[in-house]
Amino acid sequence: MLPIVASSIIALAIILERLWTLRKKRIAPQGLTNQIWRWYQEGQLTPERIQEIRNRSPLGRILIVGVINSKHKREVVKEIIVETGRQTIAELERYLNTLGTIAAISPLLGLLGTVTGMIQTFSVITNSGIGNPLQLSGGIAEALITTAAGLIVAIPSLVFHRYFNGLVDQLALDMETQALKLIEVIQGDREKEGL
């Protein structure tokens with residue numbers, strides 16, 4: 001039971017941390033793309049402001065990389081945005097492998113408890129026979145409790161693991177789309193000005 005309890009504590013900590021960290025308003029603040037576009041048009045993208053935008057959110061980091069490299073060809077800018085996006089996604093997926101591992105091993109830990117409980121039950125039968133049900137019930141109870149505990153930890157862990165993976169995928173797609181739109185607007189604006 002101790003490994004199952006430890007797994008449940010770790011899984012709960014990861015779930016709470018990821019719920020807090022992966023909030024959409026923290027990852028991709030609404031209106032950030034438009035704000036950066038206004039600052040770009042007005043020439044207010046100072047080095048200090050660029051650093052502030054990078055540090056504020058993952059979307060800001062991707063947008064600023066695109067803006068800084070917007071003088072290059074679209075294919076080059078897109079590749080730079082995609083590469084920055086990969087690094088950002090790796091940060092957003094932090095701890096998800098651990099949560100997936102907990103979801104996978106918790107039922108196995110429960111099964112291990114079932115096996116040890118049954119071994120204990122058969123040891124009692126071997127030593128005392130089947131005449132005393134109280135002696136048999138301890139091993140059977142251990143088997144059932146560990147199985148249930150393993151499933152109780154595994155099911156929510158698996159649900160949240162899949163939810164967070166889907167959320168990260170959606171956030172990544174949204175951030176890349178916004179960055180590419182901003183670059184298209186900037187590069188289109190330059191073409192109009194003849195730059």
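Scanning the range 18-48 for residues that are within 20 Å of the chain's Cα centre (by Cα), of a type outside the set (Lys, Arg) and surrounded by 13 or more Cβ atoms within 10 Å (Cβ to Cβ) turns up Leu19, Thr21, Leu22, Ile27, Ala28, Pro29.
Conditions (1) among the polar types (S, T, N, Q); (2) in a helix (DSSP H, G or I); (3) within 30 Å of Ala154 (Cβ to Cβ), marked per residue:
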| position | (1), (2), (3) |
| --- | --- |
| Ser7 | yes, yes, yes |
| Trp20 | no, yes, yes |
| Trp37 | no, yes, no |
| Ile50 | no, yes, no |
| Gly66 | no, yes, no |
| Ile80 | no, yes, no |
| Gly85 | no, yes, no |
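Within the range 131-188, being aromatic (Phe, Trp, Tyr) and in contact with a helix residue (DSSP H, G or I) (Cβ under 7 Å, 6 or more places away or on another chain) holds for Phe160, Phe164. Please work out which residue is farthest from the chain's Cα centre (by Cα), limiting yourself to the range 4-17 and to residues that are surrounded by 15 or more Cβ atoms within 10 Å (Cβ to Cβ) and farther than 29 Å from Asp174 by Cβ. Out of the qualifying residues, it is Ile4. Could you please let me know if Leu108 is surrounded by fewer than 14 Cβ atoms within 10 Å (Cβ to Cβ) and without any contact (Cβ under 8 Å) to a residue 40 or more places away in the chain? In short, no. Among the candidates Thr114, Thr98, the residue that is under 22 Å from Leu12 (Cα atoms), of a type in the set (Val, Ile, Thr) and out of contact with any Pro (no Cβ under 7 Å at 6 or more places or on another chain) is uniquely Thr98.
None of Asp189, Asp169 is within 30 Å of Val65 (Cβ to Cβ), at pLDDT 90 or above and either part of a helix (DSSP H, G or I) or among the β-branched types (Val, Ile, Thr) (or both) except Asp169. Got a sec? Which of Ser106, Ser137 is of a type in the set (Ser, Thr, Tyr) and more than 30 Å from Ile10 (Cα to Cα)? That would be Ser137, the only listed residue that is of a type in the set (Ser, Thr, Tyr) and more than 30 Å from Ile10 (Cα to Cα). Residues of the range 144-179 that are buried (at least 18 other Cβ atoms within 10 Å of the Cβ) and farther than 23 Å from Thr98 by Cα: Met175, Glu176, Gln178, Ala179.
From the list Ile53, Ile68, which one is among the aliphatic types (A, V, I, L, M) and under 24 Å from the mean Cα position of the chain (by Cα)?
Numbers: Ile68 fails: under 24 Å from the mean Cα position of the chain (by Cα).
It is Ile53.
Is there any pair with a first residue in the range 83-104 that is over 18 Å from Arg26 (Cβ atoms) and a second that is of a type in the set (D, E, K, R) whose Cβ atoms are under 8 Å apart and which are 6 or more apart or on different chains, and what are they? Taking only residues 6 or more apart or on different chains, the pairs are Leu99/Arg18.
The values are calculated or read from the model by the stated rules, or taken from the named source; none is laboratory data. From a predicted model like this one, the values you see are computed outputs, not experimental measurements. So basically every Cβ, Gly included, is an ideal-geometry build from the backbone, and we count neighbours across all protein chains shown.
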